[in-house]
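Q: My questions all concern the structure below.
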Amino acid sequence: MSDEADVSRRDLLLRIAAAMGMTAVQVHSAVAQEKAAQKGPYRPQALNGHEYATLERLSGLIVPAGDRSPGAVEAGAAAFIDFLCAASDEMKTIYTGGLAWLDGEMRRRENGSSFLDAPPPAQTALLDLIAWSERAPADLAAGVQFFAWARNMVVDAYYTSPLGMKELGYLGNSAMEQFRVPQEAIDYAVKRSPLE
């Protein structure tokens, strides 16, 4: 293949990535506008109150707040996902079904308690069971599939939010006078090099 074809393919991939990033930023902007219009905390549009609270708890377990960084709850990941669910019946079905599965499985394990009402160690124990498909029992396949979907969406919601971008140190698309490779990247590459 010619260099020209490689360049255009690279350029196409960069444009797709930029468009996907812009879409997430636009959704965050729309969610922020919706919050402002509602005057107060975000009110779910697609999920009911219990489903939304469960999604918020699940988001906090997937990307917890740390000592020096906010988590998915603070970044509004649940609002981001609910906003998308309001625009897509298919996505809403995935989340209402998945959250119902979490509640049902937790009720079976914790004397009738929903996921939200179960003790935190029971919540994390259930998530530990469904976090890795290769280790999960076959009877938890539906939970594994939902959790993989939810985990990806929560992480996407967090790292495309203003708080997540700030944690990454993302400054936006701006021109640079000169690009310098960070020293820690050079040190890492040299350390892993077979030539050292």
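Q: Quick check on my filter: what residues within the range 100-140 are assigned to a loop (DSSP other than H, G, I, E, B) and over 20 Å from S59 (Cα atoms)?
A: Within the range 100-140, E110, N111, G112, E134, R135, A136, P137 meet the criteria.
Q: If I ask for residues that are part of a loop (DSSP other than H, G, I, E, B), among the aromatic types (F, W, Y) and within 30 Å of A72 (Cβ to Cβ), which ones from the range 166-196 would you list?
A: Y170
Q: Scan the range 64-84 and give yes if some residue there is closer than 22 Å to R151 by Cα, β-branched (V, I, T), modelled with pLDDT of 95 or more and surrounded by 11 or more Cβ atoms within 10 Å (Cβ to Cβ), otherwise no.
A: Scanning the range 64-84 turns up no residue that is closer than 22 Å to R151 by Cα, β-branched (V, I, T), modelled with pLDDT of 95 or more and surrounded by 11 or more Cβ atoms within 10 Å (Cβ to Cβ).
Q: While we're on this one: Given the conditions (1) of a type in the set (G, A, S); (2) at pLDDT below 90; (3) surrounded by 15 or more Cβ atoms within 10 Å (Cβ to Cβ), report the number of the one that A19 does not fulfil.
A: Every listed condition holds for A19 apart from (3).
Q: Looking at the range 178-196, I want the residues that are at negative phi and have a partner that is in a loop (DSSP other than H, G, I, E, B) and at pLDDT below 85 with Cβ atoms under 8 Å, at least 6 apart or on another chain. Which pairs are those?
A: V190/E196
Q: Return the total of residues in the range 58-73 being within 11 Å of E167 (Cβ to Cβ) and either charged (D, E, K, R) or in contact with a Lys or Arg (Cβ under 7 Å, 6 or more places away or on another chain) (or both).
A: 1
Q: Then there's this: Name the pairs: first residue in the range 115-126 and touching a residue at least 60 places away in the same chain (Cβ under 8 Å), second residue β-branched (V, I, T) and assigned to a helix (DSSP H, G or I), Cβ to Cβ under 7 Å, at least 6 apart or on different chains?
A: Qualifying pairs under 7 Å: F115/T54; L116/T54.
Q: Does at least one position in the range 106-124 carry a residue that is touching a Cys at 6+ places or on another chain (Cβ under 7 Å) and either modelled with pLDDT of 95 or more or on the phi > 0 side of the Ramachandran plot (or both)?
A: no
Q: Can R107 be described as charged (D, E, K, R), surrounded by 14 or more Cβ atoms within 10 Å (Cβ to Cβ) and without any contact (Cβ under 8 Å) to a residue 12 or more places away in the chain?
A: For R107, the condition - charged (D, E, K, R), surrounded by 14 or more Cβ atoms within 10 Å (Cβ to Cβ) and without any contact (Cβ under 8 Å) to a residue 12 or more places away in the chain - is met.
Q: Restricting to the range 24-51, and then to whatever is at pLDDT 95 or above and either under 19 Å from N152 (Cβ atoms) or in contact with a Ser or Thr (Cβ under 9 Å, 6 or more places away or on another chain) (or both), can you tell me which residue is surrounded by the fewest Cβ atoms within 10 Å (Cβ to Cβ)?
A: N48
Yes or no, residue by residue, for (1) more than 19 Å from the chain's Cα centre (by Cα); (2) closer than 16 Å to A77 by Cβ:
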position: I94; (1), (2): no, yes
position: A100; (1), (2): yes, no
position: R109; (1), (2): yes, no
position: T124; (1), (2): no, no
position: Q145; (1), (2): no, no
position: A157; (1), (2): no, yes
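Q: While we're on this one: Could you list all residues from the range 147-165 that are among the aromatic types (F, W, Y) and either free of Cβ contacts under 8 Å to residues at least 24 places away in the same chain or in a loop (DSSP other than H, G, I, E, B) (or both)?
A: Y159
The values are calculated or read from the model by the stated rules, or taken from the named source; none is laboratory data. These numbers come from a predicted model, not from an experiment. Here the Cβ is made from the backbone with ideal geometry for all residues, glycine too, and neighbour counts use every protein chain on show.
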